[in-house]
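Below you'll find the structure I mean.
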Amino acid sequence: MSFDRGMTPKWRPGYRFQYEPAKKGHVLLYPEGMIKLNESAALIGGLIDGQRDVAAIIAELQQQFADVPELGEDIEQFMEVARAEHWIELA
Amino acid sequence: MQSTGSNWPDSNLPPKPEVGLPLWLLAELTYRCPLQCPYCSNPLDFAQQGQELSTEQWFKVLREAREMGAAQLGFSGGEPLVRQDLVELIAEARRLGFYTNLITSGIGLTEQKISDFKQAGLDHIQISFQASDEQVNNLLAGSKKAFAQKLEMARAVKAHGYPMVLNFVTHRHNIDRIDRIIELCLALEADFVELATCQFYGWAQLNRQGLLPTREQLQRAERITNEYRARLQAEGNPCKLIFVTPDYYEERPKACMNGWGSLFLTVTPDGTALPCHGARQLPVQFPNVRDHSLQHIWYDSFGFNRFRGYEWMPEP
């Protein structure tokens, strides 16, 4: 099943993406819990705002990382994991 | 007692692990509460406790904790809703960048407060339930109207767009109805369901003969929980069921709270800082936030260092 890049991701209610100075990285905070995001997840997470669709996120990151051909697929994969874990809603 | 397998002489103890960050701060604002649950973790002598910390004193605790890297903050008690300054505390915590959790019985909650807290920046509300049916719930909570009130508030919490954790303390008298408990939580659209066998501190310790489930009850309850998990996964339902077994049935001791003074810091209503609830019952001195900074308490105090590292362990 091919991924629809026209979908717009947004964080699930109660899930907050923020930078944590003490952890020197971005985290996802949710009821009583915290997930530390690696660098690429943090870059993607920073662009999730309920407005940009997946295609827009890919386009923006492609500008920064022009020499990464699988970028689009990596981002799709992140979205699928994030949706399966119920961190984001994709509509 | 089984040996843990250490054959090292004293001088060859593994290096002391670095002290972690107190990522989780639990602010027990008060011991006061309108209910009388038999498994309450309030200390037995809670009526004798000293004065509660003031708003300003709590502001200082929050600031110091945040500076040390605390990210999750729980407002708890007793019943935190009893505090008149709760909106201010929530607002300050949010301003500092904490993810804020209100851990409440729901008694004393109103739609107005739910709305006020949201405006102040509260991230999540957790409501506790004593049972899935009215009679048992009210019997356990010691209040005639508790169940109806909790139900109404759980609906209101979701209606205001909060994520919601429903916490069911399980024990001998409700664990066999775990299917009904889970169904209720799903009907209320809980995001997380904590099915936690009560921890045997405080009043629960006193009452544990009447509370501890049998091994068979627990195994059955866990099986049913797993069946629901599989079903929810298949349906794509985001609700997550968390099942916590009582320590009495485990085979080995666990690194409780991820280890002594490792991740979790609680400040009690009178300002005593503890690495966990159970610590209060130990013959160990713990510092008070009125006298010391949280930095000193976490890194330097005797109480918090008491069981860190390996040196305190006797030879096997």
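Hey, among the residues in region A:4-39 that are hydrophobic (A, V, I, L, M, F, W, C) and more than 15 Å from the chain's Cα centre (by Cα), which one's farthest from A:Asp49 (Cα to Cα)? Let's see the steps before the verdict.
Filtering region A:4-39 for residues hydrophobic (A, V, I, L, M, F, W, C) gives A:7, A:11, A:17, A:22, A:27-29, A:34-35, A:37.
Applying the additional criterion that residues be more than 15 Å from the chain's Cα centre (by Cα) yields A:22, A:34.
Values: A:Ala22: 24, A:Met34: 19 Å.
Result: A:Ala22.
Give me the residue from region B:195-217 that is surrounded by 15 or more Cβ atoms within 10 Å (Cβ to Cβ) and at pLDDT 90 or above and, out of that set, farthest from B:Arg280 (Cα to Cα).
We begin by selecting, within region B:195-217, every residue surrounded by 15 or more Cβ atoms within 10 Å (Cβ to Cβ); these are B:195-208, B:211-213, B:217.
Now restrict to residues that are at pLDDT 90 or above: B:195, B:217.
On the way: B:Leu195: 24, B:Gln217: 30 Å.
The residue in question is B:Gln217.
Could I ask something else about it? Here is a check on your reading of the model: is A:Arg5 over 26 Å from B:Leu166 (Cα atoms), touching a residue at least 60 places away in the same chain (Cβ under 8 Å) and open to solvent by 30 Å² or more (accessible area, probe 1.4 Å)?
Values: over 26 Å from B:Leu166 (Cα atoms): yes; touching a residue at least 60 places away in the same chain (Cβ under 8 Å): yes; open to solvent by 30 Å² or more (accessible area, probe 1.4 Å): yes.
Yes, satisfied.
Taking the criterion of being touching a strand residue (DSSP E or B) at 6+ places or on another chain (Cβ under 9 Å) and at pLDDT 80 or above, would at least one residue in region B:245-261 satisfy it?
The answer is no, given that none of the residues of region B:245-261 is touching a strand residue (DSSP E or B) at 6+ places or on another chain (Cβ under 9 Å) and at pLDDT 80 or above.
Can you tell me which residue within region A:33-57, out of those that are within 12 Å of another protein chain (Cβ to nearest Cβ) and open to solvent by 50 Å² or more (accessible area, probe 1.4 Å), is farthest from B:Leu241 (Cα to Cα)? Even if it seems obvious, please write down each step before you answer.
Kept after step one, since they are within 12 Å of another protein chain (Cβ to nearest Cβ), are these residues of region A:33-57: A:33-36.
Now restrict to residues that are open to solvent by 50 Å² or more (accessible area, probe 1.4 Å): A:34, A:36.
Details: A:Met34: 17, A:Lys36: 22 Å.
Per the criteria, the residue is A:Lys36.
Matching residues to (1) among the basic types (Lys, Arg); (2) part of a helix (DSSP H, G or I):
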residue	(1), (2)
A:Gln18	no, no
A:Leu29	no, no
A:Arg52	yes, no
A:Gln63	no, yes
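If a residue has to be modelled with pLDDT of 90 or more, of a type in the set (A, V, I, L, M), in contact with a Phe, Trp or Tyr (Cβ under 9 Å, 6 or more places away or on another chain) and closer than 23 Å to B:Leu109 by Cα to count, how many in region B:157-180 make the cut?
3
Can you pull out every residue in region A:1-23 that is of a type in the set (Lys, Arg) and within 10 Å of chain B (Cβ to nearest Cβ)? Write out each step before concluding.
Step one: list which residues in region A:1-23 are of a type in the set (Lys, Arg), which gives A:5, A:10, A:12, A:16, A:23.
If the condition is that a residue be of a type in the set (Lys, Arg) and within 10 Å of chain B (Cβ to nearest Cβ), then A:Arg12, A:Arg16, A:Lys23 are the ones that fit.
Within the bounds of region A:58-69, is there any residue that is more than 12 Å from every other protein chain (Cβ to nearest Cβ), open to solvent by 50 Å² or more (accessible area, probe 1.4 Å) and in contact (Cβ under 8 Å) with a residue 24 or more places away in the chain?
The answer is no, given that none of the residues of region A:58-69 is more than 12 Å from every other protein chain (Cβ to nearest Cβ), open to solvent by 50 Å² or more (accessible area, probe 1.4 Å) and in contact (Cβ under 8 Å) with a residue 24 or more places away in the chain.
The values are calculated or read from the model by the stated rules, or taken from the named source; none is laboratory data. Small disclaimer: the values here were computed from a predicted structure and weren't measured. A quick note on method: Cβ atoms are made from the backbone with ideal geometry, for glycine too, and the neighbour counts reach across all protein chains shown. SASA here: full protein model, heavy atoms, side chains in, ligands and nucleic acids out. Shrake-Rupley method; radii C 1.70, N 1.55, O 1.52, S 1.80 Å.
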